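Each value in this text was obtained by applying a stated rule to the coordinates, not by laboratory testing. Predicted model, so just to flag it, every value in this text is computed and none were measured. Neighbour counts are summed over all protein chains in view; Cβ atoms, including those assigned to glycine, are modelled from backbone coordinates with ideal geometry.
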Amino acid sequence: MTMDSRPAIEPALALLELDSIAAGIEAGDAMAKRAPIDVIRAGTVHPGKYLILLGGAVADVEEALDAGREVGASSVLDIVFLPNVHPELVAAIRGERRAADGEALGVIETATVAPIIEAADAGLKGARVRLLELHLADDLGGKGYLLFDGPLADVEAAVEIGVARIAASPGLGWRVIPQLHAEMADNLAADARFAARVRG
């Protein structure tokens, strides 16, 4: 067994999404000062937004998130707080990708980042699916999307649960694709970006 030396983003995870970089930096500073959190990662994403990801003990993350919300004020676009985040979601946020090998593929997309994280967590907890990957904002014009994999009935359930959780989110779209064609599976496994695929 190998030990992961990175700080844990569990049991609680929160994300604050802001439309101002200046307000984002100030909010991140307030969050770090308010409570002893295990992980804080912050930075810019397309198109000119600022994300702050927190992880650690539930009460500390919640307290820090309150500080960020107060300081960010009208610049806050969206927030997600998951007091008991699913471990597969944490792995996907860190960039882990898996190849599709199930009976069906589920896709959910959103216009912003926070809701796709919430949908992923809800779907993973509500159905027996795998989270193949999670894409957040960069190279997507600020959008987020996820890919679920598994038996058709479970993928349908995960997508339904995830979509229901974020029903009011802007730009919400979803599909369930039974028996994904092998060539499309290869494209997804290789790289989601079109430019990378046509150069290959």
Return a whole-number percent for the relative contact order of the stretch 12-82, with Cα pairs under 8 Å and 6 or more residues apart as the contact set.
50 percent
Which order, highest average first, do 142-149, 20-27 follow once you tally other Cβ atoms within 10 Å for each residue and take the mean per peptide?
142-149, 20-27
From the C-alpha coordinates alone, can you work out the Kirkwood hydrodynamic radius of the stretch 12-82, in Å?
11.3 Å
How far apart, in nm, are two points set 7 Å out from the Cα along the Cα-to-Cβ line at Glu70 and at Asp138?
3.2 nm
Can you tally the net charge around Pro178? Count Lys and Arg as +1, Asp and Glu as -1, for every other residue whose Cβ sits under 11 Å from the Cβ of Pro178.
-1
At q = 0.11, 0.17 Å⁻¹, what is the base-10 log of I(q)/I(0) for the chain according to the Debye formula with one equal point scatterer per Cα and no solvent? Please give it to two decimals.
-0.51, -1.13
Restricting to Cα pairs below 8 Å that are 6+ residues apart, what does the relative contact order work out to for the stretch 1-119? Please round to a whole percent.
33 percent
Treating the beta-carbon of each Lys and Arg as +1 and of each Asp and Glu as -1, no other charges, what is the dipole magnitude of the stretch 64-120 about its Cα centre, to the nearest 20 debye?
160 debye
So for the pair Ile21, Ala182, with labels modelled 7 Å out along Cα→Cβ, what separation do we get in nm?
4.7 nm
Note to self: C-alpha centroids of the stretch 62-77 and the stretch 140-167 sit apart, in Å, by 27 Å
Packing-based order for 75-81, 52-58, using average beta carbon neighbours within 10 Å, highest first:
52-58, 75-81
Order by protection proxy (mean Cβ within 10 Å, highest first), peptides 110-121, 38-49
110-121, 38-49
Debye, to nearest 20: dipole size of the chain, +1 on Lys, Arg Cβ, -1 on Asp, Glu Cβ:
300 debye
What percent does the relative contact order of the stretch 83-175 come to when contacts are Cα pairs within less than 8 Å and at least six residues apart?
38 percent
Starting at 0 and stepping by 5 Å, how many percent of the alpha carbon pairs of the stretch 70-177 end up in each bin?
2, 14, 24, 26, 19, 9, 3, 2, 1, 0
Partner lysines whose C-alpha sits under 25 Å from that of Lys33, ignoring same-chain residues fewer than 8 away, are Lys49
